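Read-outs: derived from the displayed coordinates by stated rules, not from any lab. Keep in mind that this is a model prediction, so the values were computed, not measured. Note that we place each Cβ from the backbone using ideal geometry, even for glycine, and neighbour counts take in every protein chain shown.
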Amino acid sequence: MSFEPAKAKLTIGSLDKTSLTVKAQYNPKELQVDQSVPWKKPDSANKTGSQGGSGGGDGGIALEFTGAEGRSMSVELLFDGYEGSGRSVNVAGQVAILEELAAVMDPKSKDEKKRRPHHCVISWGDRGLPKFQCVIESLSTKYSMFSSEGQPLRATCTVKLKEATSVDKKGKK
């Protein structure tokens, strides 16, 4: 089996506004997916008289499953408007799309669905990872190269995402 360069690029797009999409200039070298499984000691473990003080009626350790949580994903994207292009390209446009995906769509709208950030989807080809519906939990951008006019030519964006198959604004009745 020979190694071939990637044909598909990682893409982050809005499910609310399909024209709003960022395609990775360079595919990330790694992508981290975390899954929390919440457990806690049962309330009876804290009451006096429990055997061994561990909450288990048989002297063992008892835990209760408290509910499922969505996965989280972290990915680092590099945008480089200098290397290999033969000319300097401002990368601020790609960063601005990520910022728009993370920002509230229309804070003054009467429609509650527009008073929240975008519901997004991550995809990377059609044979690898399944599509990941999510919201952006945080976005951190580090600029590391600038033109003589001060335009950003290289940026590294760390995007943290939380799995969500549907989204609502807090306080919705």
Among Phe132, Gly150, Pro107, whose Cα projects farthest towards the positive end of the dipole of segment 80-150, with charges put on the beta-carbon of Lys, Arg (+1) and Asp, Glu (-1)?
Pro107
Extension length gain for Lys41 and Lys162 (0.36 nm per residue less Cα distance), in nm, is 41.0 nm
Once the Cβ-Cβ distance between Tyr143 and Asp106 is put in as r, and R0 is 25 Å, what FRET efficiency do you end up with, to the nearest 0.05?
0.35
Pulled fully out, how much extra length does the chain show between Ala62 and Lys113, if you take 0.36 nm times their separation in residues and subtract their Cα-Cα distance?
14.2 nm
